[in-house]
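The block underneath contains the structure these notes are about, expressed in structure tokens.
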Amino acid sequence: MRIKIISRCIVVGLIMSIPGLLFAQTDRLGNSDFENSFLAEDQSLYQPVSLNVSDSSDYDTVNNDADHCIDSICLPESQCNNFLEQFLMQNSPVYPSMNSERVRVGGWIDQGFTGNFQKPSNNFNLPVTFNDRSNEYQMNQLYLFMERPVDFGGDELDWGFRADLLYGTDYFFTTATGLETHTNGSARWNSSNGPRRNGANTYAMYGLAMPQLYAEFYVPWLAGVSIKAGHFYTPIGYEKVTAPDNFFYSHSYTMQYAEPFTHTGFLTTFQVNDQVQLLAGLTRGWDTWENTNHDLSLLAGIGWTSSDQATTANFVMTTGDEDTLTNPSTNRTLISLVLSHQINDCLTYVFQSDFGIQDNGQINNQFQVVPAKWYSVNQYLYYDVSETFAWGARFEWFRDQDFSRVTQLIPAFATGGNYYELTVGANWRPHPNVTVRPELRFDWSDTTSPFFNIQGPYRNGQADYQVLLGGDVIIRF
């Protein structure tokens, strides 16, 4: 175990030394140039690809000159879109001084409805998660955060922090072992009385999660280096947990079943120049605050942006020992590639492909313990009709080759393993703080298990397809 930890530390150290070896003579970009290139808020309705995990905190800076905006509908440029921050500036005796030190608060509420034409008997849209309740209102996220963002790209050392709280039905999918749940998977601070199930454990429909709690330090080296330590969202993949950072209300199978949601550990971000970014860090694995095997996982990646900012490519991977049902400590490796290209001023295409493998992750047809594999191809197309309205489409093929990620079936008693989904939807912003996201989604799969009387993964195991019509409203404050 110690040898594994030491070897991964060496790998991280080598990655951290590469920028200095290759770019020691590179002049660091000025603060304004760097921020314009990398940290400026995207103005289109879709979410761009970035190795930096967006925390949806891109509100305009509060200042006392904007007090008159408290009771009015504010324009995007009016510096008063964060109503919670404005309220605290007006009524809190301590917040103005905190705000002067770049401490900020904000949040949103995300609520929606998903109609399932097949009306499953258990009222679940599974294997679709997050908006998983059929024909039922969901308050997915009542989200609050407090942060002091680092001055990334500045000329001096800087520090910051971030703390997030999520209440709603989405809490269930963002819990971390040892934090919101015990090491055996049972609920720790939320109720266990509810319809959700995971193995032998039950969970309430609504609950509280803390998906992020970290400190961050900035070093003015190269074009900027930051070190994040604590509990944070994964940089892997394209779609995010945070509702404002996604075009669609529902999520891809890849995001739901192929990737982690959070990590606990440290992550170093190197901005080598205006086109190349590197990641390197060590974590406790997938969705864990503390793990029973006490092993560390490597988290690393590289991102590239074209000189005209129209094309991005990100490659991120994680590898390390994870707990499984058949072995308490076996290697799990995941690699993810995300490409984005802005075809013209209105049209953007995104491609994603993941590949994962878990040692000793499944029992094959000969009842031998073998590695389990999963992989996927996702494609997104967005068209901005205007500054406030856009259309989008997503097509996905997800392959759960050994039935280890979605249905947890034994290959000897199951066939198929392919999942497909086609989603079309729109984004409408009637106000800078309000986003309406209607969508129509069609899922189908060849996964069956006659032995267990499973005709398909939908309609409580009785159908090989389902049609969902839903949508949500996000209100930021």
#### Entry: In the stretch 200-231, chymotrypsin sites (Phe, Trp or Tyr not before Pro) in a DSSP loop with at most 15 other beta-carbon atoms within 10 Å
W221
### Message
Taking the full set of protein chains and a 1.4 angstrom probe, give the accessible area of H341 in square angstrom, rounded to the nearest 10.
### Response
80 Å²
### Task
Count neighbours as other Cβ atoms within 10 Å of each site's Cβ, and list the GluC sites (Glu not before Pro) in the stretch 125-162 that are DSSP loop with at most 11 such neighbours.
E156
### Query
What length, rounded to one decimal in nm, is gained on full extension from L469 through to V369, with 0.36 nm per residue of separation minus their alpha-carbon distance?
32.0 nm
### Task
Could you work out the relative contact order of the stretch 332-435, using alpha carbon pairs under 8 angstrom and six or more residues apart, expressed as a whole percent?
22 percent
### Message
I'd like the FRET efficiency for T415 and F355, computed as 1/(1 + (r/R0)^6) with the beta carbon distance as r and R0 of 22 Å, rounded to 0.05.
### Response
0.50
### Query
Which peptide among 406-412, 185-191 comes first, and what is the full order, when sorted by highest mean count of other Cβ atoms within 10 Å?
406-412, 185-191
## Note on the structure
Taking R0 as 51 Å and r as the Cβ-Cβ distance between F389 and H294, the FRET efficiency 1/(1 + (r/R0)^6), rounded to the nearest 0.05, comes to 0.50
### Summary
Ordered by number, the chymotrypsin sites (Phe, Trp or Tyr not before Pro) in the stretch 345-390 that occupy a DSSP loop and have at most 11 other Cβ atoms within 10 Å are F367
### Task
For W159, tell me the accessible area in Å² from a 1.4 Å probe, rounded to the nearest 10.
130 Å²
### Message
Sorting check: for 253-260, 316-323, 101-108, which peptide has the highest mean count of neighbouring beta carbons within 10 Å, and how do the rest follow?
### Response
253-260, 316-323, 101-108
#### Entry: Charge dipole (the stretch 83-216, unit charges on Cβ, about Cα centre) - positive-most of L179, S100, A200
A200
### Task
Figure the gain on full extension for A200 and V436 (residue separation times 0.36 nm, minus the Cα-Cα span) and round it to one decimal in nm.
81.3 nm
#### Entry: Cβ-derived FRET efficiency at R0 25 Å, A229 paired with H182, nearest 0.05
0.55
### Message
Leaving out ligands, DNA and RNA, and with a 1.4 Å probe, what % of the accessible surface on the stretch 254-297 is carbon or sulfur?
### Response
52 percent
### Task
Calculate the spin-label point distance for W159 paired with V103, positioning each point 7 Å from the Cα along the beta-carbon direction, and give it in nanometres.
1.3 nm
### Task
Give the dimensionless ratio obtained when the Cα radius of gyration of the stretch 335-402 is divided by 2.2 N^0.38 Å.
1.63
### Net charge dipole size for the stretch 383-426 [Lys, Arg +1 and Asp, Glu -1 on Cβ; Debye, nearest 20]
200 debye
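The values are calculated or read from the model by the stated rules, or taken from the named source; none is laboratory data. On a predicted model such as this, the values are computed, not experimentally measured, just so you know. Don't worry about glycine lacking a Cβ; one is built from the backbone with ideal geometry, like all the others, and counts go over all protein chains shown. For accessibility, only protein heavy atoms count, side chains too; no ligands or nucleic acids. Shrake-Rupley method; radii C 1.70, N 1.55, O 1.52, S 1.80 Å.
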